[in-house]
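Worksheet: the structure to be examined is printed underneath.
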Amino acid sequence: MPEGPTILNLKNKLNRYKGKNVVEATGYAEVDKTLIKDVKLLDVDAYGKNFIFVFKDFFVTVHLGLFGSMLINKRKKVNASFALQFEEAEINFYISKAKIIPGKPQDHFNYKTDILKDEFDGEYVLSTVQEKYADKMIGDVLMEQDLFTGVGNIIRIEALYRAKIHPETIVKNIPEKKLMFLIESVVNYAYEFLEQSKKDEVKEKTLIYGKKICPKDKRELIIEEMGKVKRKTYVCPKCQKKYE
Ligand SMILES: [Zn+2]
């Protein structure tokens, strides 16, 4: 599944369509496409794993999901789930979920939790984690999109390794300083990921995701589904501490 930085990179390719007129929307997605007819695209943004297309009275979110993709001025043989047609261009989304939401994105989304937004507020996230997720495993909490918006499996695994925390640790057992360091690690790594994904080298530059041994002590990594999220998890049993 594409993670926040991948979506942000793709979104930046769409910036040139800001201010352009959308002739119509097409695709089999069950949204009211009659609303998107001869309307000006005011802005393009990303929120976590969503693309956002802003029009005057509403906005459209597109989520790529596990197998989704986006093509600009190119088409696949299969039908697009959602597409925006401009006079001289088109943006096609495949196997994606589109939604029309009335109002403005900033009234709908909490930008304080988006790991790649300037508005990201580490202290807000820290206190929310401690108040609302105290009894949950940190490996699961990192995947909560309302709290760590844009984090996917690679960011989750790499950040926990960098912060030396075992994903099965219960949040309330993690010392506050460690938790702060983890949140910093999530954001710092997300920006590394952003740069690496421009050159398509994210997977070759991970420290433990997709690897078999820990680069530090050469120990064999534990590779299994952990927690409630049921995603493949990589852990170094020596470097990553499970606080009790
Ligand atoms: Zn290790």
Quiz prompt | Selection within region 46-73 - part of a loop (DSSP other than H, G, I, E, B) and closer than 16 Å to Met1 by Cα | solution = Gly48, Lys49, Leu64, Gly65, Leu66, Phe67, Gly68
Quiz item: For region 216-244, what are the residues that are of a type outside the set (A, V, I, L, M, F, W, C) and not in a loop (DSSP other than H, G, I, E, B)?
Solution: Glu220, Glu224, Glu225, Arg231, Lys232, Thr233, Tyr234, Lys241
Quiz prompt | Enumeration of residues in region 234-244 that are more than 10 Å from the ligand (Cβ to nearest atom) and under 25 Å from the mean Cα position of the chain (by Cα) | solution = Tyr234
Quiz prompt | Odd one out for Val78 among (1) surrounded by 13 or more Cβ atoms within 10 Å (Cβ to Cβ); (2) under 15 Å from Tyr28 (Cβ atoms) | solution = (1)
Self-check item: Sole residue being surrounded by 17 or more Cβ atoms within 10 Å (Cβ to Cβ) and not in a strand (DSSP E or B), chosen from Ala25, Ala29, Ala83, Ala98
Solution: Ala29
Quiz item: Within region 178-192, can one find any residue that is basic (Lys, Arg) and more than 13 Å from Tyr161 (Cα to Cα)?
Solution: no
Quiz item: Would you call Ile213 within 15 Å of the ligand (Cβ to nearest atom), among the hydrophobic types (A, V, I, L, M, F, W, C) and more than 21 Å from the chain's Cα centre (by Cα)?
Solution: yes
Quiz item: If you take just the helices (runs of 4 or more DSSP H) that sit entirely in region 110-212, which of them hold at least 1 residues that are of a type in the set (Ser, Thr, Tyr) and surrounded by fewer than 18 Cβ atoms within 10 Å (Cβ to Cβ)?
Solution: 122-132, 176-198
Self-check item: Residues of region 77-98 satisfying the condition of being more than 21 Å from Asn9 (Cα to Cα), touching a residue at least 12 places away in the same chain (Cβ under 8 Å) and of a type in the set (Lys, Arg)
Solution: none
Quiz item: Scanning for something at pLDDT 95 or above, surrounded by 12 or more Cβ atoms within 10 Å (Cβ to Cβ), within 16 Å of the ligand (Cβ to nearest atom) and not basic (Lys, Arg), does region 226-233 turn up at least one residue?
Solution: yes
Self-check item: Among (1) buried (at least 22 other Cβ atoms within 10 Å of the Cβ); (2) touching a Ser or Thr at 6+ places or on another chain (Cβ under 8 Å), the one test that Ile91 misses
Solution: (2)
Exercise. For Val186, indicate whether it is touching a helix residue (DSSP H, G or I) at 6+ places or on another chain (Cβ under 7 Å) and either over 24 Å from Lys136 (Cβ atoms) or at pLDDT below 95 (or both).
Key: no
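The values are calculated or read from the model by the stated rules, or taken from the named source; none is laboratory data. For clarity, every value in this text was computed on a predicted model and none was experimentally measured. Using ideal geometry, Cβ is built from the backbone for each residue, glycine included, and neighbour counts are taken over all protein chains shown.
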